[in-house]
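First comes the structure, then the notes that go with it.
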Amino acid sequence: MRANINVFWILSGFFLLADAIYVLWSLVSYGEVEWVGTLGIALGAVLAAFIAFYLSRVHGAQGGELPEDLTYSNIDDGDPEMGFYSPWSWWPVILAGSAAVFFLGLAVGTWICFIGVALILIAIVGWTYEYYRGFFAR
């Protein structure tokens, strides 16, 4: 995580340098400061600094290095259980298609949203209860 923090501090410094060059360039070219680009680049530097500050606070609060950050750690040093995902499930695809139908309804016509919501509810129920029936019932 320390490398990520350093990358964002370097990125913040790069944006500050680019902002100074942009101000000088606009002064030479137009005789005045172009405020939209200047503020946009400066806000990019502020955003990178915010992310670096947040990551440094999280790194300090975790109380040490994570096994993923150490070059000499083994795979078994990390958390073994990352969650469960059914590898042959079609329900996530159906849910994504249902969400696409819903957002299509927002763009085209609101009556399509009702069909999308019904499909979303069916997909959520199907995904939730997929291990209660069929070949993988428990």
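The values are calculated or read from the model by the stated rules, or taken from the named source; none is laboratory data. Remember, predicted model here, so these are calculated numbers, not experimental data. Positions of Cβ are backbone-derived with ideal geometry, glycine not excepted, and every protein chain shown enters the neighbour counts. Just the protein is used for accessible areas: all its heavy atoms, side chains included, with ligands, DNA and RNA removed. Shrake-Rupley method; radii C 1.70, N 1.55, O 1.52, S 1.80 Å.
Taking the solvent-accessible surface of protein heavy atoms with a 1.4 Å probe, what is the per residue accessible area of the chain in Å²?
Working: 10840 Å² over 138 residues.
Using a 1.4 Å probe on heavy atoms only, each residue of the chain averages 79 Å².
Can you pull the percent of the chain's accessible area that's carbon plus sulfur, 1.4 Å probe, other chains left in place? Display every interim value, and only then the final one.
Numbers: 7760 of 10840 Å².
Carbon and sulfur: 72 percent of the exposed surface of the chain.
With all distinct Cα pairs included, what does the Kirkwood hydrodynamic radius of the chain come out to in Å, to one decimal, could you say?
Details: mean 1/r = 0.0487 Å⁻¹.
The answer is 20.6 Å.
Between 100, 52, 61, which gets the highest mean-square fluctuation from a Gaussian network model of the chain, Cα cutoff 10 Å?
The residue with the greatest mean-square fluctuation here is 100.
Over the Cα atoms of the range 2-77, Rg to Rh with Kirkwood Rh, two decimal places?
Rounded to two decimals, Rg/Rh equals 1.24.
So, in Å, what gap is there between the alpha-carbon centers of the range 83-138 and the range 35-80?
34
Using the Karplus curve 6.51 cos²θ - 1.76 cosθ + 1.60 with θ = phi - 60°, what ³J(HN,Hα) values do you get for each residue of the range 24-34, in whole Hz, with x for Gly and Pro?
Coupling constants for the range 24-34: 4, 5, 5, 5, 5, 6, 10, x, 8, 7, 8 Hz.
Picking from 50, 15, 114, which is most flexible by a Gaussian network model of the chain using Cα springs under 10 Å?
Evaluated over the chain, the most mobile residue of the options is 114.
Under unit Cβ charges (Lys, Arg +1; Asp, Glu -1), what dipole magnitude, rounded to 20 debye, does the range 2-77 have relative to its Cα centre?
220
Using unit Cβ charges (K, R positive; D, E negative) and no other charged atoms, how large, in debye to the nearest 20, is the dipole of the chain about its Cα centre?
Once rounded to the nearest 20, the dipole reads 500 debye.
Considering only 11, 121, 66, give the residue with the highest GNM mean-square fluctuation for the chain, with springs between Cα atoms whenever their separation is below 10 Å.
Maximum among the listed residues: 121.
At 1.4 Å probe size, with no ligands or nucleic acids counted, give the accessible surface of residue 128 in Å², nearest ten.
Taking all protein chains as shown, residue 128 has close to 80 Å².
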